[in-house]
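Only one structure is covered here, and it is reproduced in the block below.
The values are calculated or read from the model by the stated rules, or taken from the named source; none is laboratory data. What you see is a predicted model, and the numbers here were worked out from it, not measured in a lab. Cβ placement follows ideal geometry from the backbone for every residue including glycine, while neighbour counts extend to all protein chains displayed.
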Amino acid sequence: MKTDKKLIGAGLLTAIAASLCCITPVLALIGGTSGLASTFSWLEPFRPYFIGLTILVLGFSWYQKLKPKKQIDCNCESEEKPKFIQSKMFLGIVTAFAIVMLAFPYYAHIFYPKTEKQVIVVDKSNVQTVEFTISGMTCASCEEHVNHEVNKLSGIIKSTASFENENAIVEFDNSKTNIAEIEKAINGTGYSVTDKKEK
């Protein structure tokens, strides 16, 4: 029975570890400490291993729970009802939680407020587009965090961050903000601007 608890605990921990790098930016946004967003980005390369380990551990736990028990022919009293923490229902709850945690990067964007902005550009010659190369982004949650922080600045027309391309392309009115301010906003998220070029 202690083994069951350890397996379930291990399954939970690996599921959380697998999504920690994507959960941190959302928690940083909620907590108002956006600089902490990239704290667990170093875990991203290990994510496939954590996912595999979670599936193995929970799969083995389910196997242990569902395998038929050997019948012993005796007149002894029947086994007492297992505690909740050792029940199939508890294992089901843990499994559901693990699935929610593992899928987090795919729905993290819903936690970021939509920044609908109306930008009035008086002179089209003031519109500038700059591509910022960014290190440290590992998932869609990171992209949303960068876009959210950049869109707080006045004069931002459009911000499109991509963790796959390791960049953010920002279109803005340079009479209202500038490249240095945008770079500062991106660096404030905990990710780092490593290069920038005008488009």
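Scan region 83-102 and report the pairs whose first residue is assigned by TED's automatic domain parsing to the domain that holds THR54 and whose second residue is surrounded by fewer than 12 Cβ atoms within 10 Å (Cβ to Cβ) and assigned to a helix (DSSP H, G or I), with Cβ atoms within less than 6 Å and a gap of 6+ or a chain change.
Listed by first residue and then by second, the contacts come to PHE90/PHE84.
Looking only at region 144-199, count how many residues are charged (D, E, K, R) and in a helix (DSSP H, G or I).
Total meeting the criteria: 5.
Would you be able to say whether some residue in region 65-77 is surrounded by 14 or more Cβ atoms within 10 Å (Cβ to Cβ), outside the structural domain of GLY188 (by TED's automatic domain parsing), modelled with pLDDT of 70 or more and within 22 Å of LEU12 (Cβ to Cβ)?
Yes, region 65-77 has at least one match.
Anything in region 142-186 that is without any contact (Cβ under 8 Å) to a residue 24 or more places away in the chain and of a type in the set (Val, Ile, Thr)? List them, or say none.
The one that is without any contact (Cβ under 8 Å) to a residue 24 or more places away in the chain and of a type in the set (Val, Ile, Thr): THR160.
Identify all residues within region 127-153 that are closer than 21 Å to LYS199 by Cα and in contact with a Phe, Trp or Tyr (Cβ under 9 Å, 6 or more places away or on another chain); write none if there are none.
Correct list: VAL127, GLN128, THR129, VAL130, ILE134, SER135, GLU143, VAL146, ASN147, VAL150, LEU153.
Residue by residue through region 121-141, note down the ones that are touching a residue at least 60 places away in the same chain (Cβ under 8 Å) and under 18 Å from ILE156 (Cβ atoms).
GLN128, THR129, VAL130, GLU131, PHE132, ILE134
Condition check ((1) in contact with a Ser or Thr (Cβ under 7 Å, 6 or more places away or on another chain); (2) surrounded by 16 or more Cβ atoms within 10 Å (Cβ to Cβ); (3) modelled with pLDDT under 90; (4) farther than 26 Å from PRO48 by Cα) across all residues:
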position	(1), (2), (3), (4)
THR129	no, no, no, yes
GLY136	yes, yes, yes, no
CYS139	no, yes, yes, no
HIS145	yes, yes, yes, no
PHE163	yes, yes, yes, no
PHE172	no, yes, no, yes
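Condition first: aliphatic (A, V, I, L, M), modelled with pLDDT of 75 or more and assigned to a helix (DSSP H, G or I). Now tell me which residues in region 78-123 satisfy that.
Within region 78-123, MET89, LEU91, ILE93, VAL94, ALA96, ALA98, ILE99, VAL100, MET101, LEU102 qualify.
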